[in-house]
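*Asks:* If you scroll down you'll find the structure; I have some questions about it.
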There are 2 protein chains.
Amino acid sequence: MSVTVPKGFRAAAATAGLKDSGKPDVALVVNDGPQQAAAAVFTSNRVAAAPVHWSRQAISDGRADAVVLNSGGANACTGAEGFQNTHATAEKTAALLGISAGDVVVCSTGLIGEQLPMDKLLPGVEAAAAALSDDGGAAAAGAIMTTDTVPKQAVFAGGGYSIGGMAKGAGMLAPGLATMLVVITTDAELAPAALQAALREATRVTFDRTDSDGCMSTNDTVVLLSSGASGVVLGIEDFTAALTGVCADLARQLITDAEGASHDIAVTTINAASERDAETVSRAVARSNLFKTAIFGNDPNWGRVLSAVGTTDAVFEPDQLNVSMNGVPVCRNGGVGESRDLVDLGSRDVTVVIDLQAGRESATIWTNDLTHEYVHENSAYSS
Amino acid sequence: MSVTVPKGFRAAAATAGLKDSGKPDVALVVNDGPQQAAAAVFTSNRVAAAPVHWSRQAISDGRADAVVLNSGGANACTGAEGFQNTHATAEKTAALLGISAGDVVVCSTGLIGEQLPMDKLLPGVEAAAAALSDDGGAAAAGAIMTTDTVPKQAVFAGGGYSIGGMAKGAGMLAPGLATMLVVITTDAELAPAALQAALREATRVTFDRTDSDGCMSTNDTVVLLSSGASGVVLGIEDFTAALTGVCADLARQLITDAEGASHDIAVTTINAASERDAETVSRAVARSNLFKTAIFGNDPNWGRVLSAVGTTDAVFEPDQLNVSMNGVPVCRNGGVGESRDLVDLGSRDVTVVIDLQAGRESATIWTNDLTHEYVHENSAYSS
């Protein structure tokens, strides 16, 4: 499954003992080639973790041979010692694989502000390297979980090549921010610049429009590795479309497993003057705690949608706003539409459509409701 | 108490039957002069309620003789009919008091997207007018409550004059947005322009820095009325200082009674390059659901503070950030400081200080934690 579906990749998991639960906490993904082209996007949080600083530099030449990931500690806000620990992890991985440390991407996830126990982590990396196999994708996907309840994997196959991906992320999930880690592999042959362009576009309309709790992580990383092992040389447009599909699949899995969620909500803004306006409006609604608690309570409280829309600078006239919830036009021209009693919010999937009547652009933000379980998970456990 | 402490004011409450609870839901405050100078600030939400549209116009000439307020319905997103209902409420009030409808400020609070039952409201206004008295301030403060559990009142007295204020607001509380209504009276003699300048400055550093849940209301209104009945003519600086004290008092009462709150949190940013930077950083932290749930759980999770700071555009270097929680410097120079175990979050008041080491400005945002009770109140009841 996932990252070992494309030819040319091996993966593995190991248990280093970083988590109190004793579950696997180290994952390793290796690109055996023939090419080692790579691209990545990272959190835009200015307080970035040590592995983000390391990996941004490591991948800047368009090459990465391996990605080593740990759960059980974010290695963020850990100063010079934290960076040295990331460096040591890359060196250890490189020595085990016979590659250069500068071609090793490092990812970490877990509690901010604690040093990683290197006496446990490095033996864990050694165990993972010893376990590498061409069907290790599923094990790797399990080892990067923190508060995730299920591993997230996605695959595209067709046209003689394939794409595989794994992801983790359940809280602090508004990329650009939620300790979201994603590794995507492909055996299609593309140059680093093409990979980077495809990845930017795919993440822009998928992970970047996933907003569970409005909180941006210090560690978010999406890495894309190309082995070229299929021998298929692709145009960037075809590849971007397939990659976007895989990213959208993973992004939806993240929202569905978001901390405490009981509803998956698509907030779509249509007829906006610009795509930016549409995204801004959808995100403002998706970040409203009052909207999110109302959905948790199966309450089609469209006033909370309009009050969020009203805080944006998008082009619209207040008396021309339309809102529908699960297909019922509850607000017409800024006023009362059909009875809110007609809206059934009993199902897990909820669709809110906001019509700005100001243009032709649209965008969707995927979010979830704000529940007792979210408060419980994030108050009872440090993460 | 409150708005009837200054000379020249009468107030009253009545029960019109707008609330299912059967509690008082109409309040009336009248300025008997000798002068009727007035100023106001309103929500910056572009989806503004009908009474906000009406009152913005009514007060634009610097005069207001009366304020009529109702709880039990926001009269927001109610179209032309909603505006006509506000107009009719002002006309009714004016006829009862023998004044001009254009000198009546109207405020409403409650559920968005429902028409007010005018057959109940207008008799309620009549009953309030009949009950007007010079000690009716406390009754009026009670009648504007919605999910508030206690009325909010504050008084300043000294220098031969006084200021009295009442406020309501418990959710959708990030002015600029939370159905926060405030009426402040004074018997000091000031011109409308001076009142407006003093009110802008006082609200800028008090209500505007109160951010309970990041959600801006369609109905927020702060009205300041001056009767001049004390005969005291004041300089604007002295008056602004006294007014700011009354506003700060009311703002703290709003936070303490915010929906479901179990901690009152002051997020102070110091040594910022500008006051705007300090406010931006404090607000980013105050709006982080992960920070707020951690405080609910008595968890001094300073990584969630830094991850919020990192999303802002304020001037700072990540490796120079200091954070203390209730006096314990848990983060020094962007890394690990004193043990988080030293922080005691058992008391209701919590202080978080973020030192940007980038300048000399500071600002505080007052907020509260995110609790099960917040989720419960806002999922179980439409408001």
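*Asks:* In debye to the nearest 20, how big a dipole does the range B:2-256 give about its Cα centre with +1 on each Lys and Arg Cβ and -1 on each Asp and Glu Cβ?
*Replies:* On the way: 15 positive and 24 negative charges, 49 e Å.
Dipole about the Cα centre, nearest 20: 240 debye.
*Asks:* Taking chain A as a Gaussian network, where each spring joins two C-alpha atoms under 10 Å apart, which residue of A:S217, A:S307, A:S21 fluctuates the most?
*Replies:* Maximum among the listed residues: A:S21.
*Asks:* Could you look at the range A:2-256 and say what percent of its accessible area is carbon and sulfur, using a 1.4 Å probe and all protein chains? Mind dumping the intermediate values first?
*Replies:* Numbers: 4160 of 7880 Å².
For the range A:2-256, the apolar C and S fraction of the accessible surface comes to 53 percent.
*Asks:* Report the Cα centroid-to-centroid distance between the range B:304-375 and the range A:34-74 in angstrom, as an integer.
*Replies:* 28
*Asks:* Hey, got the dipole for the protein assembly as shown? About the Cα centre, +1 on K and R Cβ, -1 on D and E Cβ, debye to the nearest 20? Mind showing how you got there, number by number?
*Replies:* On the way: 48 positive and 86 negative charges, 33 e Å.
Its charge dipole is roughly 160 debye.
*Asks:* Here's something else I'd like to know. Label-to-label distances across copies for A:D134, with labels 7 Å out along Cα→Cβ, in nm, shortest first?
*Replies:* Output for A:D134: 9.6 nm, nearest copy listed first.
*Asks:* What is the extension gain from A:A380 to A:S60, computed as 0.36 nm multiplied by their sequence separation minus the C-alpha to C-alpha distance, in nm to one decimal? Please report the intermediate quantities before stating the final value.
*Replies:* Values: separation 320, 0.36 × 320 = 115.20 nm, distance 3.91 nm.
Full extension of this stretch gives 111.3 nm more.
*Asks:* Which value, in square angstrom to the nearest 100, describes the accessible area buried between chains A and B on both sides, using a 1.4 angstrom probe? All intermediate terms of the calculation are to be shown ahead of the outcome.
*Replies:* Details: alone 14500 and 14500 Å², together 24860 Å².
Buried surface at the A/B interface: approximately 4100 Å².
*Asks:* Kindly give the distances from B:A80 to its copy-mates, label point to label point, with each label point 7 Å from Cα along Cα→Cβ, as nm values to one decimal ordered shortest first.
*Replies:* Label-point distances to the other copies, shortest first: 7.3 nm.
*Asks:* Would you mind giving the three semi-axes, in whole Å and largest first, of the ellipsoid equivalent to the protein assembly as shown according to its Cα gyration tensor? Can you show the working numbers first?
*Replies:* Numbers: eigenvalues 580, 155, 77 Å².
Over the Cα atoms of the protein assembly as shown, the ellipsoid semi-axes are 54, 28, 20 Å.
*Asks:* I would also like to ask the following. May I have the count of lysine pairs in chain A with C-alpha atoms under 26 Å apart, counting pairs 8 or more residues apart or located on different chains?
*Replies:* Lysine pairs, 8 or more places apart or on different chains, close enough: 18.
*Asks:* Then there is this: So for the pair A:E91, B:V155, with labels modelled 7 Å out along Cα→Cβ, what separation do we get in nm?
*Replies:* 7.2
*Asks:* Between A:S262 and residues 5 or more places away or on another chain, which pairs have amide H atoms under 5 Å apart, with H built 1.01 Å from N, and which residues are they?
*Replies:* A:D369
*Asks:* According to the square roots a ≥ b ≥ c of the eigenvalues of the Cα gyration tensor, what is the shape class of the range A:225-296, taking rounded for a/c under 1.5, prolate for a/b larger than b/c otherwise, and oblate for the remainder?
*Replies:* Note, shape of the range A:225-296 comes out oblate.
*Asks:* When the chain is fully extended, how far beyond the present Cα-Cα distance does A:S133 get from A:D319, taking 0.36 nm per residue of separation?
*Replies:* Numbers: separation 186, 0.36 × 186 = 66.96 nm, distance 6.04 nm.
Length difference between fully extended and current span is 60.9 nm.
*Asks:* Given axes a ≥ b ≥ c from the Cα gyration tensor, I'd like to know whether the range B:1-87 is rounded (a/c under 1.5), prolate (a/b larger than b/c) or oblate. Don't skip to the end; give the middle numbers.
*Replies:* On the way: a/c = 2.29, a/b = 1.17, b/c = 1.96.
Here the range B:1-87 falls in the oblate category.
*Asks:* Moving to a separate point now. From the label point of A:T351, set 7 Å along Cα to the beta carbon, how far off in nm is each other copy's matching point, shortest first?
*Replies:* 5.3
*Asks:* What shape does the range B:132-244 have by the C-alpha gyration tensor, where a ≥ b ≥ c are the square roots of the eigenvalues, rounded means a/c under 1.5, and otherwise prolate means a/b greater than b/c and oblate the rest? If you can, show how the numbers build up before the last one.
*Replies:* Numbers: a/c = 2.43, a/b = 1.42, b/c = 1.71.
Oblate, since a/c reaches 1.5 and b/c is not below a/b.
*Asks:* Tell me the accessible surface of B:E126 in square angstrom (1.4 angstrom probe, heavy atoms of protein chains only), to the nearest ten.
*Replies:* Solvent-accessible area, nearest 10 Å²: 90 Å².
*Asks:* Using the crude model of +1 on Lys and Arg Cβ and -1 on Asp and Glu Cβ, and no other charge, please compute the dipole size for the range B:38-176 relative to its Cα centre, in debye to 20.
*Replies:* Values: 7 positive and 11 negative charges, 75 e Å.
Result for the range B:38-176 is approximately 360 debye, rounded to the nearest 20.
*Asks:* Placing +1 on the Cβ of each Lys and Arg and -1 on the Cβ of each Asp and Glu in chain A, which of A:G22, A:V350, A:V125 has its Cα farthest towards the positive end of the resulting dipole?
*Replies:* A:V125
*Asks:* May I pose another question? Do any residues of the range A:259-293 lose at least 40 Å² of accessible area when the full set of protein chains is present rather than just their chain alone, and if so which, with a 1.4 Å probe?
*Replies:* Listed by number, the residues meeting the 40 Å² cut-off are A:N289, A:L290, A:T293.
*Asks:* For the range B:2-256, compute Rh as the Kirkwood radius over C-alpha pairs and then the Stokes-Einstein diffusion coefficient at 25 °C and 0.890 mPa s; write the answer in µm²/s, rounded to an integer.
*Replies:* On the way: Rh = 17.2 Å.
It diffuses with D of about 142 µm²/s by this estimate.
*Asks:* Further question on the same structure: Scan around A:D25 for amide H atoms under 5 Å from its own, H built in the peptide plane at 1.01 Å from N, and keep only partners 5 or more places away or cross-chain.
*Replies:* For A:D25, the qualifying residues are A:A14, A:T15, A:A16, A:G17.
*Asks:* Taking the solvent-accessible surface of protein heavy atoms with a 1.4 Å probe, what is the per residue accessible area of chain B in Å²?
*Replies:* Working: 12430 Å² over 383 residues.
Here the residues of chain B average 32 Å² of exposed surface.
*Asks:* Work out which residues of the range B:76-97 lose at minimum 50 square angstrom of accessible surface when the other protein chains are put back, relative to the chain isolated, with a 1.4 angstrom probe, and list them by number.
*Replies:* B:C77
*Asks:* Which whole-Hz couplings ³J(HN,Hα) result when phi for each residue of the range B:328-342 is put into the Karplus expression 6.51 cos²θ - 1.76 cosθ + 1.60, θ = phi - 60°, listed in order with x for Gly and Pro?
*Replies:* These are the phi-based 3J(HN,Hα) values: 9, x, 6, 10, 10, 6, x, x, 5, x, 5, 4, 5, 5, 6 Hz.
*Asks:* Tell me, what ³J(HN,Hα) does each residue in the range B:352-368 have, in order and in whole Hz, if you take phi through Karplus 6.51 cos²θ - 1.76 cosθ + 1.60 with θ = phi - 60° and put x for Gly and Pro?
*Replies:* With coefficients 6.51, -1.76 and 1.60, one gets 10, 10, 10, 9, 7, 6, 10, x, 10, 8, 8, 7, 10, 10, 9, 9, 9 Hz.
The values are calculated or read from the model by the stated rules, or taken from the named source; none is laboratory data. These figures come from a predicted structure and were not determined experimentally. Neighbour counts run over all protein chains shown; Cβ positions are idealised from the backbone, glycine included. The accessibility values were calculated without ligands, DNA or RNA, using every heavy atom of the protein model including side chains. Shrake-Rupley method; radii C 1.70, N 1.55, O 1.52, S 1.80 Å.
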